[in-house]
Amino acid sequence: MFAKVSSLGLFGLNAFHVDVEIDISRGNPQFDIVGLPDTVVRESRERIRSALRSCDIGFPVATVMINLAPADTKKSGSVHDMAIFMAVLKGMRMISADLDGCSFIGELSLNGDIRRINGVLPMVMLARELGIKSVFVPSANSSEASVIDGIDIYGVDNAEQLIKHFRNEELLKPCTHFAPPETAYNEILDFSDVRGQQSAKKALEIAAAGGHNALLIGSPGSGKSMLAKRIPSILPPLTFDESLETTKIHSISGLLTEENPIVTKRPFRSPHHTISSAGLAGGGTIPHPGEVSLAHNGVLFLDELAEFDKKTLEILRQPLEDRKVTIARASGTVTYPCTIMLIGAMNPCPCGYYGHPKRKCICPKPKVTGYLSKISGPLLDRFDLHIEVAPVEFEDLSSTKKEESSAEIRKRVSAARKIQEERFKGTGITCNALITPDKLQEMCPMDDAAETLLKGVFDRLGLSARAYDRIMKVARTIADIDNSEIIRKQHIAAAAQFRSLDRKYWGDR
């Protein structure tokens, strides 16, 4: 008896359709799975045998052959268990219902329960594109899958429910479409908690308004980490498309929950400085996303930047330019998106007090040079804003004056992003930091005074072409905050000011 059941697979972020074909014929009792399955897929034979017994159904005493088509694509994980189970039932004629237009994804346990899996969202998105009408998923994944509109999602608790549904004994009901809630900021740390640091706050407002990378340098206790952790509170909410892109990455990483099946807040990832290259950029036999991709459409914060392994940091150079990470393995090549704001924070030397106005640095000059040299010139060039975080004065700490809240700053940031949204409509660009070189002159018109000042800055500081581009983009953002279509002299002056710290700390390297 031949039967065919639809399933879905996943390699990296890319879902693909799988036909589970079964042939049950007379012969020696055996159960084989072909079609390039990995060890986990082969082990599904024992899970299916046991699940059938739990439903009081005996496994056929015959030659059972399962083929996972296309046969030249590697199948991995336990995602096909439910589809193979349904194919066995169909081949045994235990169910007669038409399974065309249905797809099955989920892991079976030995007692017939159906367990949650990772990566449901990208697979359901593909199912909708292929015209599949119904997808049966584990109940624990049903909220995540129901985010996708236009397709029926059925959450299944156990194998017995499936059998009863297709025998018309006890029909399952499609899940209600999950509408993501509005982004809530009340649980996020607020800028009103930060005393003083008006210059650093303004710089981070500019970074948030344009999606720019920023490097915070200052002595211990000056508030670098405190400032960085509050950046999500001033970022505009995710659009639905951005939310789906980010959720796909979190889905395959198993970071979603039933309560929060879709990412509605911009991610904020803060890995420890001992992280490996694979942990930061992604990797593994079947490449998984790293921290740089998990922060997609959000913030990647690297605290104690100079303590990270230098080779690990250098891996970031290409992703920061290309906005994607490509990982090649023998099993295939996977590309993960990583449009991020990179925020770095570091001390200027091992003791932390090099350049401090009141405390003396105890580090020998070679130690200071060696510490700063952990941040290479090309990586430093990729930070649009270099922000010096000065020690907080006693007057600021003891002041009873109310500091500006994140909500007030976010209004200005959102207004600037709205201007950018109108400017870049139809181009695929979402913020000033992503302006491509071919559109730079068109999107960043300057008056004569601004152009003269920029030429003088370029010649005096010996800037690279990349630094020139980034000054232009930051100036464009400052002009947007001022609601000015033309970049003026003061905008260039402010943007150039944020490129001076590399001369102060790294100038004599």
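The values are calculated or read from the model by the stated rules, or taken from the named source; none is laboratory data. None of the values given here were measured: they were computed from a predicted structure. Here the Cβ is made from the backbone with ideal geometry for all residues, glycine too, and neighbour counts use every protein chain on show. Each accessible area value is taken on the protein alone, full model and side chains, heavy atoms only, with ligands, DNA and RNA left out. Shrake-Rupley method; radii C 1.70, N 1.55, O 1.52, S 1.80 Å.
Rolling a 1.4 Å probe over the protein heavy atoms leaves Glu46 with an accessible area of roughly 110 Å².
Applying 1/(1 + (r/R0)^6) with R0 = 60 Å to the Cβ-Cβ distance of Asn260 and Lys360 gives a FRET efficiency near 0.75. Under a model in which nothing but the beta-carbon of Lys, Arg (+1) and Asp, Glu (-1) is charged, segment 156-312 shows a dipole of about 540 debye around its Cα centre.
Think of a 1.4 Å ball rolled over the protein heavy atoms: segment 17-56 then has 54 Å² of accessible area per residue.
Considering only Ala209, Leu294, Phe498, the residue lying farthest towards the positive end of the dipole of the chain is Phe498, judged by Cα position with unit charges set on Cβ.
Structure note, pairs Lys4/Lys164; Lys265/Lys439; Lys201/Lys265: Cα-Cα distances above 23 angstrom occur for Lys265/Lys439.
Rounded to the nearest 10 square angstrom, Val61 shows an accessible area of 120 square angstrom against a 1.4 Å probe. Residues whose amide H falls under 5 Å from that of Val34, counting only those 5 or more places apart or on a different chain, are Ile66, Asn67, Leu68, with hydrogens built in the peptide plane. Looking at segment 1-88, none of the chymotrypsin sites (Phe, Trp or Tyr not before Pro) sits in a DSSP loop with at most 15 other Cβ atoms within 10 Å of its own Cβ.
Ordering Ser376, Ile409, Val389 by Cα displacement along the dipole of segment 335-439 toward the positive end leaves Ser376 in first place; charges were set at the Cβ atoms of Lys, Arg (+1) and Asp, Glu (-1). If you plug the beta carbon distance of Ile57 and Ser376 into 1/(1 + (r/R0)^6) with R0 = 60 Å, you get a FRET efficiency near 0.45. Taking the Cα atoms of segment 300-454, the ratio Rg/Rh between the radius of gyration and the Kirkwood radius comes to 1.03.
Computed over segment 273-384, the quotient of the alpha carbon radius of gyration and 2.2 N^0.38 Å is 1.23.
Look at the dipole of segment 13-121 built from charges on Cβ: of Ser50, Leu89, Ser78, the Cα furthest out on the positive end belongs to Ser50.
Amide H contacts of Lys324 (H built 1.01 Å from N, in plane; Pro and chain starts excluded): Cys338 sit under 5 Å, all sequence-distant by 5 or more or on other chains.
Given their separation in residues at 0.36 nm each and the Cα-Cα distance between them, Lys202 and Lys418 gain 75.9 nm when the chain is fully extended. Rolling a 1.4 Å probe over the protein heavy atoms of the chain, with every protein chain left in place, gives an accessible area that is 50 percent carbon and sulfur. When +1 charges are put on Lys and Arg Cβ atoms and -1 charges on Asp and Glu Cβ atoms, the dipole computed for the chain relative to its Cα centre reaches about 1500 debye. Can you work out the base-10 log of I(q)/I(0) for segment 203-271 at q = 0.24 1/Å, using the Debye formula on its C-alpha atoms alone? The Cα Debye sum returns log10 ratios of -1.11. Across all directions, the average flat footprint of the convex hull enclosing the Cα atoms of segment 151-254 is 10.4 nm². Extension gain, Leu36 to Leu171: 0.36 nm times the residue separation minus the Cα-Cα distance gives 45.2 nm. Here segment 1-150 is treated with +1 on each Lys and Arg Cβ and -1 on each Asp and Glu Cβ, and its dipole about the Cα centre works out to around 280 debye. Entry note, the chain: relative contact order of 13 percent, from Cα contacts under 8 Å with a spacing of 6+ residues. The accessible-area ordering, largest first, of the residues Ser96, Ser142, Ser276, Ser253 stands as Ser96, Ser276, Ser253, Ser142, per a 1.4 angstrom probe. Residues Met226, Met443 ordered from highest to lowest accessible area at a 1.4 Å probe: Met226, Met443.
Binning the C-alpha pair distances of segment 270-329 at 10 Å intervals from 0 yields a P(r) profile of 23, 59, 18, 0 %, listed from the shortest bin outward. Heavy-atom accessible surface of segment 416-509, averaged per residue, reaches 50 Å², computed with a 1.4 Å probe.
Across segment 336-352, coupling constants 3J(HN,Hα) worked out from phi with the 6.51/-1.76/1.60 Karplus curve, θ = phi - 60°, read 10, x, 8, 7, 10, 9, 8, 10, x, 9, 7, 7, x, 6, x, 7, x Hz, and Gly and Pro carry x. Model label sites at Lys401 and Asn483, defined 7 Å from Cα along the beta-carbon direction, differ in position by 2.5 nm.
Sparsely packed loop sites in segment 137-213 (the GluC sites (Glu not before Pro) outside DSSP H, G, I, E and B with at most 14 other Cβ atoms within 10 Å) comprise Glu169, Glu170, Glu182, Glu187. Heavy atoms of the protein chains alone define the surface here; on that basis segment 243-305 has 35 Å² accessible area per residue at 1.4 Å probe size. Within the chain, the proportion of Cα pairs with more than 35 Å between them is 45 percent.
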